[in-house]
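Undergrad: Dumping the structure here so I can ask a few things about it.
The values are calculated or read from the model by the stated rules, or taken from the named source; none is laboratory data. Small disclaimer: the values here were computed from a predicted structure and weren't measured. Here the Cβ positions follow ideal geometry from the backbone for every residue, glycine too, while neighbour counts run over all protein chains shown.
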Amino acid sequence: MVPSYIQTLRKHIGHDLLLIPSVTGAVTRSDGKLLMLKHSETGTWVFPGGALEPGERPADAVSREIQEETGISAQVTGLIGVYAGPEFEVTYKNGDQTAYMMALYGCEVGGNEVLSPGDEAADIGFFPANSLEELPLSAWVHVLLGDVLAWLNTYRVS
C-alpha cells in the first residue's frame, strides 16, 4: 500500500525518481529460521518492510510493517545496518521510479506466529538461513544477506 504522503508527492512529480527512507526486518524465531515474503508485484522473495511514515521512528516502522505484511508481532533486537545503492532502485509496473535508503533491523518473533499475508505478499514463510539463496531473491536482499547471516550467527550465540 502506498502511503498517502507519497501519493501526494506523486501528483506533483509523476513517475520521476523519488528517494524514500525505508525499513526492513530480518525476523528470526527460536529455531533460527528467517521470515521471508514473496512480493506480489515482483515475484521475488524479500524481508518484510516498507516506507517510514512522517514522524515515525524507524524501529516502530519496522514492527508496523512486519505486522501489516505478515501478521507476525516482532520485537526489534537491534540495527544491523543502513543501505542504499543501485540494487535499491525500483521501477514499478505503473512507471513509478523509487530509490530506497533502507535501515535493516534484526527482529525476533514476539509471540504470534500465525502467518497472515497482507496485500503485498503472494506468499510468506520461515526458511532456514542456509536455504535462502535457493529462492528467487530481490537484488537488494542479496546485498543484505551477508550481514543478516552474520547477525543471525551472533544473535544465536548471545
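Undergrad: Test VAL62 against the criterion of being free of Cβ contacts under 8 Å to residues at least 60 places away in the same chain, under 17 Å from SER22 (Cβ atoms) and in a strand (DSSP E or B), and give yes or no.
TA: Values: free of Cβ contacts under 8 Å to residues at least 60 places away in the same chain: yes; under 17 Å from SER22 (Cβ atoms): yes; in a strand (DSSP E or B): no.
In short, no.
Undergrad: Between a first residue in the stretch 27-54 that is over 20 Å from LEU79 (Cβ atoms) and a second residue that is at pLDDT below 90 and part of a loop (DSSP other than H, G, I, E, B), which pairs have beta carbons less than 6 Å apart while being 6 or more apart in sequence or on different chains?
TA: Once the first residue is over 20 Å from LEU79 (Cβ atoms) and sits in the stretch 27-54, its partners that are at pLDDT below 90 and part of a loop (DSSP other than H, G, I, E, B) give SER40/GLU120.
Undergrad: Please work out which one of (1) in a helix (DSSP H, G or I); (2) under 29 Å from LEU9 (Cα atoms) is the condition GLU41 fails and give its number.
TA: Every listed condition holds for GLU41 apart from (1).
Undergrad: Given the options LEU52, LEU115, LEU35, name the one that is under 24 Å from LEU149 (Cα atoms) and within 14 Å of the chain's Cα centre (by Cα). If you could, list the steps in order and put the result at the bottom.
TA: Details: LEU52 fails: under 24 Å from LEU149 (Cα atoms); LEU115 fails: within 14 Å of the chain's Cα centre (by Cα).
That would be LEU35, the only listed residue that is under 24 Å from LEU149 (Cα atoms) and within 14 Å of the chain's Cα centre (by Cα).
Undergrad: Still on this structure, I have one more. Restricting attention to the stretch 122-158, and to residues there that are among the β-branched types (Val, Ile, Thr) and without any contact (Cβ under 8 Å) to a residue 12 or more places away in the chain, which single residue is farthest from HIS39 (Cα to Cα)?
TA: VAL157
Undergrad: Hey, another quick one. Please work out if LEU19 is at pLDDT 95 or above, exposed (fewer than 15 other Cβ atoms within 10 Å of the Cβ), part of a strand (DSSP E or B) and of a type outside the set (S, T, N, Q).
TA: yes
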